[in-house]
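Coordinate-derived values only; no laboratory data. Treat the numbers as computed from the prediction; the structure is a model and nothing was measured. Note that each Cβ is placed from the backbone with ideal geometry, even for glycine, and that neighbours are counted across all protein chains shown.
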Amino acid sequence: MDSLKYCQKRKGLDLCAFCIMTSHVHLIIGRNGDQSIQDIIRDLKKFTSVTLLKAIAEHPRESGRDWLMYLFEREGKHNSNNRKYQFWQQHSHPLELNTNTKVANYLNYIHNNPVKAGFVYSPEDYVYSSASNYAGLPEKLIDVIFIG
């Protein structure tokens, strides 16, 4: 969340919707500055990977620390773009949301991701999602630009 907020303030990120799951992230984004979307995503991935790897490596009660660090290091060895660890996949799966139908469908899809995973009964109950923003609830982690 800190990285998203930083990119909003300093990198020209327009965050329209998000859902942070345990193994992946969904974003509907745009940009409002000179930086390209690719540069913003690169910076977002770099900051979060460094921060999360450090948190895992240094947390004294992380029971899976050694196993996780081994996996990140093993994946990092297969990619010359890394110094040591691979946290994110190298590629993203960008979709151009160029019609109102696509926007509505994808917005619904990402907000219902935690429901389908069995984490919550209602999309707006999932903390790490913009569903609460769209539902008009006062509890939200970050501001978004409403679409759809």
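Got a sec? Which of S92, S36, S49 is of a type in the set (S, T, Y) and touching a residue at least 40 places away in the same chain (Cβ under 8 Å)? Break it down into steps so the answer makes sense when it comes.
Values: S36 fails: touching a residue at least 40 places away in the same chain (Cβ under 8 Å); S49 fails: touching a residue at least 40 places away in the same chain (Cβ under 8 Å).
Testing whether each residue is of a type in the set (S, T, Y) and touching a residue at least 40 places away in the same chain (Cβ under 8 Å) leaves just S92.
Rundown of residues vs (1) touching a strand residue (DSSP E or B) at 6+ places or on another chain (Cβ under 8 Å); (2) assigned to a loop (DSSP other than H, G, I, E, B); (3) loosely packed, with under 13 Cβ neighbours inside 10 Å; (4) on the phi < 0 side of the Ramachandran plot, yes/no style:
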{"position": "Q90", "(1), (2), (3), (4)": "no, yes, yes, yes"}
{"position": "P94", "(1), (2), (3), (4)": "no, yes, yes, yes"}
{"position": "V103", "(1), (2), (3), (4)": "yes, no, no, yes"}
{"position": "Y106", "(1), (2), (3), (4)": "yes, no, no, yes"}
{"position": "H111", "(1), (2), (3), (4)": "yes, no, no, yes"}
{"position": "V115", "(1), (2), (3), (4)": "no, no, no, yes"}
{"position": "V127", "(1), (2), (3), (4)": "no, yes, no, yes"}
{"position": "K140", "(1), (2), (3), (4)": "no, yes, no, yes"}
{"position": "D143", "(1), (2), (3), (4)": "yes, yes, yes, yes"}
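Would you check which residues across the stretch 30-41 are within 14 Å of Y6 (Cβ to Cβ) and surrounded by 13 or more Cβ atoms within 10 Å (Cβ to Cβ) and list them?
Q35, D39, I40, I41
Would you point out which residue out of P114, P60 is over 26 Å from R10 (Cβ atoms) and under 16 Å from the mean Cα position of the chain (by Cα)?
Working: P60 fails: under 16 Å from the mean Cα position of the chain (by Cα).
Of the residues listed, the single one that is over 26 Å from R10 (Cβ atoms) and under 16 Å from the mean Cα position of the chain (by Cα) is P114.
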